[in-house]
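The structure appears below as structure tokens.
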Amino acid sequence: MIEEERYCIDVLTQIRAVRAALNKVEQETLGDHLEHCVARAFHAGSEKDRKAKIEEILDVLDSRRS
């Protein structure tokens, strides 16, 4: 769009749409991870498994803030 010299607001609108779509995919993926992988670790896993899942989530959330 930029190479085509499209109107700036059109470019910005498309960028926002892409970000919104990526955020939605991220939310759904995190939800699935919590409902399946993390739940499994907390129900059937060891203490080590539970701590590993907590660390994974904290790492993901921390990288989202930066």
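The values are calculated or read from the model by the stated rules, or taken from the named source; none is laboratory data. Keep in mind it's a predicted model, so treat the numbers as computed, not measured. Using ideal geometry, Cβ is built from the backbone for each residue, glycine included, and neighbour counts are taken over all protein chains shown.
Can you spot a residue in segment 40-54 that is outside any helix (DSSP H, G or I) and either surrounded by 10 or more Cβ atoms within 10 Å (Cβ to Cβ) or in contact with a strand residue (DSSP E or B) (Cβ under 6 Å, 6 or more places away or on another chain) (or both)? Looking for residues that are outside any helix (DSSP H, G or I) and either surrounded by 10 or more Cβ atoms within 10 Å (Cβ to Cβ) or in contact with a strand residue (DSSP E or B) (Cβ under 6 Å, 6 or more places away or on another chain) (or both), one finds at least one in segment 40-54, hence yes. The C-beta contact set for segment 55-66 (first residue closer than 10 Å to LEU30 by Cβ and assigned to a helix (DSSP H, G or I), second residue modelled with pLDDT of 90 or more and of a type in the set (Phe, Trp, Tyr), distance under 9 angstrom, 6+ apart or interchain) is empty.
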